Amino acid sequence: MTACSSTRLIYTFTDKFIKDEINYFLYLDEQEKLLMNQQVAKMINWHRISMLPSYASYLDNIADTLEVGQYDATEITLIIDEGRTLIEDTIIGLTPYASGFLIRIKNDETIEFMKKKMLMRQQERIVKLSEPREIRYKERLDKLTTNFKRFFGDLTNAQIEMVETHSHETLNDSRIRLHNRTLRQKVFIRFLKSQPNETELNAYLNKLLIQGHEIINPNYQDFSQASLSRFKMLLTKMLAISSDKQRDVMIDKLRSYAKEFNTMSK
């Protein structure tokens, strides 16, 4: 594949995914679909130009720390915290496009349609979470293993056992996240009905997406921090027993992504 081709492919899928999700939750006429296409194009262009260089720098920095053997718990915490900051920067940069679109199509009929579709999606997730534990565990384990293999390459038996243990311990976390997402959607619908202006809507979206626990569920912050701490511990342990070959694979992968991001952003 040519340079940045895989990143271009991701952007293509992202563009389609965003539009598919909007069309799922909102019933749009032809003029509104045109507005949607314009806003999504602007949003993706902003992300490409403004965020990809930051992502590239972030990945290069991680590769640098691995090269000099700095991957203890303290360093992992710094890496994850920086990653969370990048996520917040991304959200703050994207919400104006979402707000600018929603404010122009918002009416009682649109809000009710969105509410019904949110409920349908929630029911789908509930059905999925009601599957036997063995099925949910296998799916959780497969996903986590695939993600680690993407950067580590082949995993050792000890690393696989760590991933298995983590999958067991976090299996029911999805239920808590679904409940929290349901609460966020309910307050968002309520806020839309209050007829906010674009500035108010944008500020509320940022608050809801970044510090939603302050609006709906203060205890969720404890869950989030505990969940993040478990993942930090897993990653620290995985790296502590990683081989030179695995770290070389990680460094090459990180630098490859960074190079693609920089190329694509220009």
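Can you say whether PHE113 is out of contact with any Gly (no Cβ under 8 Å at 6 or more places or on another chain) and closer than 28 Å to LEU239 by Cα, as far as the supplied structure shows? Here the answer is no, as PHE113 does not meet what is asked. Residue-level check: of (1) more than 24 Å from VAL249 (Cα to Cα); (2) β-branched (Val, Ile, Thr); (3) free of Cβ contacts under 8 Å to residues at least 40 places away in the same chain, THR90 misses just (3). Figure legend. Inter-residue proximity from segment 185-208: first residues within 19 Å of LEU119 (Cα to Cα), second residues part of a loop (DSSP other than H, G, I, E, B), beta-carbon distance below 7 Å, spacing 6+ or different chains. Indicated pairs: VAL187/ILE215; VAL187/ILE216; LEU192/LYS106; LEU208/ILE215.
Taking (1) exposed (fewer than 14 other Cβ atoms within 10 Å of the Cβ); (2) within 20 Å of ARG184 (Cβ to Cβ); (3) of a type outside the set (A, V, I, L, M, F, W, C) in turn, ASN107 satisfies each apart from (2). Within the set ASN202, ASN197, the sole residue that is closer than 19 Å to SER99 by Cβ, loosely packed, with under 14 Cβ neighbours inside 10 Å and at pLDDT 95 or above turns out to be ASN197.
I'd like to know if segment 13-31 contains one or more residues that are over 24 Å from ARG230 (Cα atoms), free of Cβ contacts under 8 Å to residues at least 40 places away in the same chain, aliphatic (A, V, I, L, M) and not in a helix (DSSP H, G or I). No, every residue in segment 13-31 fails to be over 24 Å from ARG230 (Cα atoms), free of Cβ contacts under 8 Å to residues at least 40 places away in the same chain, aliphatic (A, V, I, L, M) and not in a helix (DSSP H, G or I). Of everything in segment 90-104 that is out of contact with any Ser or Thr (no Cβ under 7 Å at 6 or more places or on another chain) and not hydrophobic (A, V, I, L, M, F, W, C), the residue that is surrounded by the fewest Cβ atoms within 10 Å (Cβ to Cβ) is ARG104. For first residues located in segment 233-249 and within 11 Å of ILE76 (Cα to Cα) and at pLDDT 95 or above, partners that are in a helix (DSSP H, G or I) and among the charged types (D, E, K, R) and lie 6+ apart or on another chain with Cβ distances below 9 Å form the pairs THR236/GLU75; LEU239/ARG247.
For segment 133-161, filtering for residues that are among the aliphatic types (A, V, I, L, M), closer than 25 Å to LEU239 by Cβ and in a helix (DSSP H, G or I) leaves 4.
Per the listing LEU59, LEU35, the residue uniquely surrounded by 18 or more Cβ atoms within 10 Å (Cβ to Cβ) and either touching an Asp or Glu at 6+ places or on another chain (Cβ under 9 Å) or in contact (Cβ under 8 Å) with a residue 40 or more places away in the chain (or both) is LEU59. Scoring ASP29 on the criteria (1) exposed (fewer than 14 other Cβ atoms within 10 Å of the Cβ); (2) at pLDDT 95 or above leaves a single failure, condition (2). Checked against (1) more than 24 Å from SER242 (Cβ to Cβ); (2) free of Cβ contacts under 8 Å to residues at least 12 places away in the same chain, ILE126 meets all criteria but (2).
The values are calculated or read from the model by the stated rules, or taken from the named source; none is laboratory data. All values derive from a computational prediction rather than experimental measurement. Virtual Cβ from ideal backbone geometry, glycine too; neighbours counted across all protein chains shown.
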